[in-house]
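Asker: Pasting in a structure now, in structure tokens, and then I'll have a few things to ask.
Derivation of every value follows stated rules applied to the coordinates shown; laboratory data play no part. Everything numeric in this text was worked out from a predicted model, so none of it was measured. In this analysis, Cβ positions are derived from the backbone assuming ideal geometry, glycine residues included, and neighbour counts consider all displayed protein chains.
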């Protein structure tokens, strides 16, 4: 996934308000290792690879712009919170602008993707899993993705979505139950 930030300003050029090569180098060091996690979360929230790329690019630009306010700690959680908030903003904007729903048959994943997660989701069992995940409410889907696919701790998820750890645990439990039910309904519907 090629993402170019602010015309290459991460290559040591002067960027934005007062940002120099030192802040660009620090940003690269702390944030770029989490690019794949950012894209993965955006892809699941947006349900569209092109929109996910746009969201990640905008998120990284926002993160760079506000990098001076980052006070250390968990860079991954800080960045994924920005990705989450940007995704929600994009979805809200799309909801206001368009009355049409996402059609997975028309706007499905790119056929050239070869990462293992996507390969699983394209298999028959993976197709069922993907459909079941997409039936979950966004609140449940995001905690499930962050925990099971991104491997984040409850505390990290709490930091990303801005709710207490107990709420994360509750949503995760409900998400798993909802996923089991959706898979069961799909399987029993197919066998009849």
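Asker: Would you mind ranking 184, 34 by Cβ crowding within 10 Å, fewest neighbours first?
Answerer: Values: 184 11, 34 21.
Starting with the residue having the fewest Cβ neighbours, the order is 184, 34.
Asker: How far is it, in nm, from the label point at residue 65 to the one at residue 32 when both lie 7 Å from their Cα along the line to the Cβ?
Answerer: Those two pseudo-labels are separated by 2.2 nm.
Asker: So, one more: Can you put 88, 39 in order of Cβ neighbours within 10 angstrom, beginning with the fewest?
Answerer: Numbers: 88 14, 39 20.
By the 10 Å Cβ count, ascending, the order reads 88, 39.
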